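One structure is given below, encoded as structure tokens.
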Amino acid sequence: MDIHRERNGSNGGLVGSVLNGICKISHRFFPDNMQEFDELAQRRDPKAFYNTARERGYYDEEDLRGTPLMAYLNMFSEGKRLDFIDCADKYARLARIALRRFGELERGERISAEEIKVRMRNLKDNGYDVGKYYEMNKGELWEHWKTIKQNIRKFTDIYCSNVIVEIDDQNRRQKEDAISHL
């Protein structure tokens with residue numbers, strides 16, 4: 001009989017201690033987090049607020065529902081909007097470098113490794129991580145270039161699809177002009 005009481009008592013004690021432990025963890029976790037978010041909110045820097053929230057795993061307004069951060073929904077949304085504008089500007093610049101056709105070639109000419117390296121350098125100067133392209137041979141360089149172009153095109157389509165339409169039109173006109181001059 002005493003064994004059953006001990007088990008029931010210890011189970012109740014175990015559940016209680018687990019619940020107390022969870023409460024202690026949440027009380028320890030959220031005040032530190034909330035203090036940091038409170039300070040960011042006081043600085044009135046929505047982008048810093050949004051970036052910090054993203055680092056903590058909050059990517060969308062839905063992620064804030066039911067959390068203490070819901071009080072900062074407007075600041076989070078404004079930071080998200082500003083981050084989107086920055087990404088749109090960045091990928092518009094990168095797309096204008098990477099997605100434009102190389103100059104037309106005469107019969108027998110090929111795009112040189114140096115031309116690809118110049119474009120890679122321009123991308124790097126505009127904040128894109130192109131890797132160690134300078135150590136690649138021409139075949140590796142071309143394959144790496146195609147991968148970079150696909151990646152930039154994907155993100156440009158997300159952030160500023162109108163730029164892709166503009167570049168595709170320019171590329172089509174350049175190709176048509178080259179064909180008409182043959």
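Read-outs: derived from the displayed coordinates by stated rules, not from any lab. A quick note: this is a predicted structure, and the numbers were derived from the prediction, not measured. Neighbour counts are summed over all protein chains in view; Cβ atoms, including those assigned to glycine, are modelled from backbone coordinates with ideal geometry.
Structure data summary
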quantity: Summed residue charge, Cβ within 13 Å of I164's Cβ, Lys/Arg positive, Asp/Glu negative; calculated: +2
quantity: Global geometry of segment 114-156, whether rounded, prolate or oblate, following the gyration tensor of its Cα atoms and the 1.5 cut on a/c; calculated: oblate
quantity: Distance in nm between pseudo-label sites at D177 and A71 (7 Å out along the Cβ direction from Cα); calculated: 5.9 nm
quantity: Förster radius 30 Å - calculated FRET efficiency between R56 and F84, Cβ distance, rounded to 0.05; calculated: 0.95
quantity: Trypsin sites (Lys or Arg not before Pro) restricted to segment 108-182 and DSSP loop, no more than 11 other C-beta within 10 Å; calculated: R110, K132
quantity: Whether segment 44-182 is rounded, prolate or oblate, judged on the alpha carbon gyration tensor where a/c under 1.5 counts as rounded; calculated: prolate
quantity: Over 31 Å (Cα to Cα) - which of K47/K117; K90/K138; K132/K154; K124/K175; K80/K124 fall in this group; calculated: K47/K117
